[in-house]
1. Taking K and R as +1 and D and E as -1, what net charge do the other residues with C-beta under 14 Å from the C-beta of residue 92 add up to?
2. At 222 nm, what value in deg cm²/dmol follows for the chain if DSSP H runs of at least 4 each add -39500 (n - 2.57) and the sum is divided by all its residues, to the nearest 500?
3. Suppose all protein chains stay in the model; what accessible area per residue would a 1.4 Å probe give for the chain, in Å²?
4. For segment 180-199 and segment 85-125, what is the separation of their C-alpha centers, rounded to whole Å?
5. Given 0.36 nm per residue, what is the gain on full extension from residue 91 to residue 48 after removing their alpha carbon distance, in nm?
6. Excluding residues fewer than 8 places away in the same chain, name every one of the aspartates and glutamates whose C-alpha is closer than 18 Å to that of residue 131.
7. Straight-line reach from residue 59: which lysines have a Cα under 20 Å away, not including same-chain ones fewer than 8 places off?
8. When we measure straight from the Cα of residue 75, which lysines land under 19 angstrom away, once same-chain ones fewer than 8 places off are left out?
Amino acid sequence: MTQFRPKYITFDCYGTLTHFQMAEAAQTLYGDQLDSDKMVQFIKNFAAYRLDEIMGDWKPYNEVVHNAVERACRKNGVTFKDEDGRFVYEQVPTWGPHADVPAGLAKVAREIPLVILSNAMDEQIMHNVEKLGAPFHKVYTAQQANAYKPRFQAFEYMFDMLGCNPEDILHVSSSFRYDLMSAHDLGIKNKVWVNRGHEPANPYYGYTEIKDISGLAGVVGL
């Protein structure tokens, strides 16, 4: 990517900016019931079921988490309790940023408006955003869009609310499956993949790779 000064830099939040800790929550609940190999498999299943749960019509994220935990338990022969799903959901607002995020965001926030598009509930998201250490122009949620990423509807809601087009933004995410594949298909030409190590590279989707948010300023020539 040549240096590009967008109207907005838009971000995925959980995983990209906020340290996503679903695996740790699952470990807390079930680590004494599963050996290490089985725990690894449980965490993979839990992640897959979360994705599956958001692909249809919108439903509250507490239901997404509840259903995904229950399905992972069933698949792995673990006893599920309703309070397990609630425990995981209630962890989300307590999560803070990756260590590189506050300084990296602050450098670009002085020059370009920052926007979040997150698979979150309104009651959750600001607890996490307030921990990021930089001002955000707008924060949009799946609850507001009535759709979760990777569904196009979530991104289209953001475009409508910002009054901009796909070519006007730079979208930043650590996930291809949730963000960058859809961004590519929607015509967002300028994309940054933050390589947090939880997905493999996929150059087909056309992006600039950075190892963390400290590299973002260089992408936009700051």
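The values are calculated or read from the model by the stated rules, or taken from the named source; none is laboratory data. Because the structure is a prediction, the values reported are computed rather than measured. Neighbour counts run over all protein chains shown; Cβ positions are idealised from the backbone, glycine included. SASA here: full protein model, heavy atoms, side chains in, ligands and nucleic acids out. Shrake-Rupley method; radii C 1.70, N 1.55, O 1.52, S 1.80 Å.
1. Once all neighbours under 14 Å are counted, the net charge is -3.
2. Estimated from H runs of four or more residues: -12000 deg cm²/dmol.
3. Per-residue accessible area for the chain comes out at 45 Å².
4. When both Cα centres are located, 18 Å separates them.
5. Stretched fully, the residue 91-residue 48 segment lengthens by 13.6 nm.
6. 12, 90, 100, 122, 123, 212
7. Correct list for residue 59: 149.
8. Straight-distance partners of residue 75: 38, 44.
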